[in-house]
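The values are calculated or read from the model by the stated rules, or taken from the named source; none is laboratory data. These figures come from a predicted structure and were not determined experimentally. Using ideal geometry, Cβ is built from the backbone for each residue, glycine included, and neighbour counts are taken over all protein chains shown. SASA here: full protein model, heavy atoms, side chains in, ligands and nucleic acids out. Shrake-Rupley method; radii C 1.70, N 1.55, O 1.52, S 1.80 Å.
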Amino acid sequence: MPVATKPISTLIEKEDLPAEFETAIAATKFGLFNIILIMLSVPVFWCLQCDSNLVSFIIPAAACDLGLDDTQKSLLNSMPFFGMLSSGFISGYLLDTVGRRKVLFLGFCIETLVILGKSVSSNFAFLSLFCFFGGIISGSLYAAMITYILEFHSTEYRGRVQMIIGFIYSCGHILLPLLSSAILPMNLHFSVSFIRFRAWNLLLLISGANSIISMVAFYFLPETPKFLMSSGKNEEALRLFSKMHKINIRDPTMAYPVNQLIEEIVLNKPMQSGKKSGFFSLIWKQIAPLFGQKYRGKLMLAGAIEGLILIGTNSMQLFMPQIFQAAHEYQVAHDGQSTDLCNILKTSTGAQQNDGCTVNLDGNFLVYLNSMTIAGVRLFGYTLCGTLINLLGSRRLLLVLGLLAAVSIGCLAWSSNTLTTLALSSVFLTTSDIGFDVFLTVAVVLFPTTLRAMALSCVLFVGRCLTVCGNMLLPILLNFSCRAPFLFFGSLILTSLILLRFVPNTDKQNMK
């Protein structure tokens, strides 16, 4: 059967030819529908960011309330990622069979309840438990949302949209310290029955607003047209394409130029009650093609690269609020004097061992301002790379970003003052974060629709495994040598650049 492909002008002349997905989605143009979708993704990504990163701001404030030692701090930082690990394969299976929208809607319903549980936690055990449950949900939702939003865009805009997602995340990195600086210093303390409520509990409760907004949004949003086509629902997909075109063009006289869609081969179908196969057997049937000869190498390569990037990025992201708090307490104790990073870390550890638990939250706005500064650099970086990604291509951009990240974190080991620490950590977290997002745009094109969410879940699974390892290794490496973790993370970034040479160029490749 002849199939319509680009250019779109040919489609208008040959309306009876069935169109493939990339031709159909490109014909909808980029307009109001896409902008609304991106705007509605803001509370989604802020919610997911709060779930994994907010605890790093709470730990310095809650350390004495919960009686946390260094190991417990690392464990609490790791609990969301432990949760993400436990849900990866199941969520990937559900996304590729049940659909993206249903998983997102139900996920945010559960996430709202989990955040409520975290906000009333009054000891280490309960807070850790709810952070773990939150990780289970947010890990599933992240893979779902990335797949969801990219399947509404053509190859021309997919890379830029991923940069916009990174920009939204960077705005969230400003929001977190801004909320923390306003709420955590509050002298709030009261009890209701066995529940003790403090300022950090209030911060957790407020963060639940994003989850509620996201839940309401996905009640009304449609399923992705790519999933509909892959599920054999071409008529429904065609109606959605036509609606997107109408909203984007806003010209009632201009009809959508596609009348037919190709029949895509459905590699997997939703669970049916008539089948005798067990749930985990169905999951394995979904995973198995990824480990076949065709996709096994791509999956292992993508997982290794993203994992090597994430282990340093997430570990340092979660550790930075503690570094800035330690620097603040050093300056308070030494009449405003600054010192090198290693001395700050040694002094902080020694003070806890000798003087017991003390946390100085008075006048520490600079701690949160430093985090906001890093986020501001991220915003600039994503804005710049949104243009460069099409100009340089994904591979060249990843090479530049990786080299900058490796050099900056390596130099961080010899940082001589707080300002230098701030500058180098800003460069590292910006370049490594953008590198992670850029590679995601490469990874999603390497796999077909019916395996894409599962493949993305597997890739993120590896990254989260290494993130947990990084969080647990960090205090051990610091005890061995102050410079050891920074040099270790830098060497992993360089290793990922070597592996990048073996990844196919997907800049002009269409989604299958």
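Of all residues in region 129-155, those satisfying the criterion of being buried (at least 20 other Cβ atoms within 10 Å of the Cβ), of a type in the set (S, T, N, Q) and assigned to a helix (DSSP H, G or I) are S138, S140, T147.
Going through (1) at pLDDT below 80; (2) assigned to a helix (DSSP H, G or I) one by one, Q293 falls short only on (2). Only one entry in G107, G117, G135 is of a type outside the set (A, V, I, L, M, F, W, C), in contact (Cβ under 8 Å) with a residue 40 or more places away in the chain and out of contact with any Cys (no Cβ under 6 Å at 6 or more places or on another chain), namely G135.
Being surrounded by fewer than 24 Cβ atoms within 10 Å (Cβ to Cβ), closer than 25 Å to F81 by Cβ and either modelled with pLDDT of 90 or more or among the β-branched types (V, I, T) (or both) is not true of T506.
Among the residues here, F489 qualifies as at pLDDT 85 or above, of a type in the set (F, W, Y) and part of a helix (DSSP H, G or I). Reported count of residues in region 156-199, each being among the hydroxyl-bearing types (S, T, Y) and open to solvent by 40 Å² or more (accessible area, probe 1.4 Å), is 4. Out of the residues in region 213-235 that are among the charged types (D, E, K, R) and in contact (Cβ under 8 Å) with a residue 12 or more places away in the chain, which is most open to solvent (accessible area, probe 1.4 Å)? So the residue we want is E223. Residue count for region 429-476 under the criterion of being of a type outside the set (S, T, N, Q) and farther than 20 Å from L392 by Cα: the result is 26. For region 20-32, give me each residue that is surrounded by fewer than 19 Cβ atoms within 10 Å (Cβ to Cβ) and part of a helix (DSSP H, G or I). Passing the criteria: E22, L32. Total residues in region 236-245 satisfying the condition of being in contact with a helix residue (DSSP H, G or I) (Cβ under 6 Å, 6 or more places away or on another chain) and touching a residue at least 24 places away in the same chain (Cβ under 8 Å): the figure is 3.
I need the full set of residues from region 408-462 which are assigned to a loop (DSSP other than H, G, I, E, B) and either of a type outside the set (S, T, N, Q) or open to solvent by less than 10 Å² (accessible area, probe 1.4 Å) (or both), in order please. Give the derivation first.
In the first step, residues of region 408-462 are kept if they are assigned to a loop (DSSP other than H, G, I, E, B); the result is 413-417, 444-448.
Result: A413, W414, S415, V444, V445, L446, F447, P448.
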